[in-house]
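Q: I have a structure here, written as structure tokens, and I will follow up with some questions on it.
Every number here is computed from the coordinates shown, using simple stated rules; none is lab data. Everything numeric in this text was worked out from a predicted model, so none of it was measured. Cβ atoms come from the backbone with ideal geometry, glycine included; neighbour counts cover every protein chain shown.
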Amino acid sequence: MITSKVISNGILRALATILVVGIVLYFLYEIQTVIVYLCISLLLCLIANPLVQFLKNKLKFGNSLAASVTIILFVLLIVGFILLFVPLIISQANNLSLLDTNSLQKQFIETERSIEAYFNIQHLDFNKVLNNPKVTSMMDFSYFTNFINSIMIFVADMGMGLVSVFFITFFLVKDQDNFKSNARKILPDHNEDKIINSVIKINHFLTRYFIGLLLQLTVVFILYLIVLIIFGNKNAFVIAFLCAILNIIPYLGPIIGTILAAILTMISLIGQDFRTEILPTTIYVVIGFLIVQAIDNNISQPIISSKSVNSHPLEIFLIILISGITFGIVGMIIAIPVFTMIKVILKEFFPDNKIVSVLTERI
């Protein structure tokens with residue numbers, strides 16, 4: 001029989017549960033930076049594992065030496081990545097320092113007049129638009145120098161984060177065998193095989209996914225590079241590389257990359273005639289990037305992503321869309337790996353569930 005005492009106890013237990021869950025979520029929110037460091041370190045450990053096994057098995061390195069060599073290689077890659085972009089930043093900063101916004105505005109007006117004369121557009125007064133204080137303030141190209149400065153500050157702030165990530169990664173790589181054996185000891189006996197099988201499958205699918213992602217970025221980088229070389233961009237390699245890296249962000253990254261390529265192309269051509277050189281070249285570069293994105297979005301990305309994680313392209317699109325709406329850019333980046341992990345776990349623990357069987361039929 002349900003009494004008032006039972007109801008009150010149930011309400012108290014529910015409130016206590018909600019309170020505990022709230023405290024845990026708040027605690028996780030407060031240490032979100034540490035969680036991000038751990039996730040990045042686990043990802044680096046996954047990427048580094050083949051190299052570590054090669055060093056240990058083929059070259060007979062010890063755990064500490066293999067981990068040290070791996071971390072040194074990661075550091076060298078990051079240093080090389082930074083040095084790659086230093087010439088680009090310096091050259092663009094020099095170009096911006098030479099920018100004459102008054103001359104650029106006059107070129108815009110001359111271009112507008114040519115368009116009016118050619119198309120006989122008499123009902124649009126672009127002179128008033130361009131002379132509008134709001135519009136001229138938006139044409140303040142010092143914004144881009146501030147943007148570059150903010151990037152430099154952001155990179156400097158990441159120094160502590162990189163040190164923390166590499167410190168955690170070193171011990172994850174060095175003592176991964178101990179971590180695995182200790183994990184086996186604390187796993188519940190009745191689920192130990194399922195958990196181990198899940199980890200093995202997740203490792204397999206994520207390895208395939210990252211290899212596929214690397215292949216996709218390589219294809220996009222080569223196509224971007226061809227476009228920029230055709231139109232004589234002096235920093236074609238660096239710009240193509242940066243825009244290809246932005247493709248890690250599904251759907252939104254290519255748009256950002258195209259805008260960035262257009263801006264950097266215009267800046268690199270400062271000093272030339274706007275109407276005959278800067279504007280046409282920028283338009284051609286944008287068209288070329290849009291063609292590359294059409295190829296990537298409709299051919300390489302769906303095929304590589306779906307084959308690497310054994311998921312339907314529509315399924316991947318919907319997951320990325322939902323993750324982007326819910327968690328923003330970070331959600332879009334981690335959507336496919338996290339979804340793959342969830343599918344593997346569901347397949348292992350609930351193989352008889354009809355919904356799970358439909359969702360995981362390709363795994």
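Q: State, to one decimal in nm, how far the label point of N310 lies from the label point of H204, with both points 7 Å from Cα in the Cβ direction.
A: Inter-label distance under the simple model: 0.7 nm.
Q: Ok, one more. Starting from the exponent 0.38 and prefactor 2.2 Å, build the expected Rg for the stretch 226-363 from its residue count and divide its actual Cα Rg by it.
A: This ratio for the stretch 226-363 stands at 1.37.
Q: Count the lysine pairs in the stretch 195-362 whose Cα atoms lie under 22 Å apart, taking only pairs 8 or more positions apart in sequence or on different chains.
A: 7
Q: Another question, if that's okay. How large is the dipole of the stretch 195-362 about the Cα centre if only Lys and Arg carry +1 and Asp and Glu carry -1, each at its Cβ, rounded to the nearest 20 debye?
A: Using Cβ point charges on Lys, Arg, Asp and Glu, the stretch 195-362 gives about 280 debye.
Q: Please give the FRET efficiency for L15 paired with N49, using the beta carbon to beta carbon distance and R0 = 45 Å, rounded to the nearest 0.05.
A: 0.50
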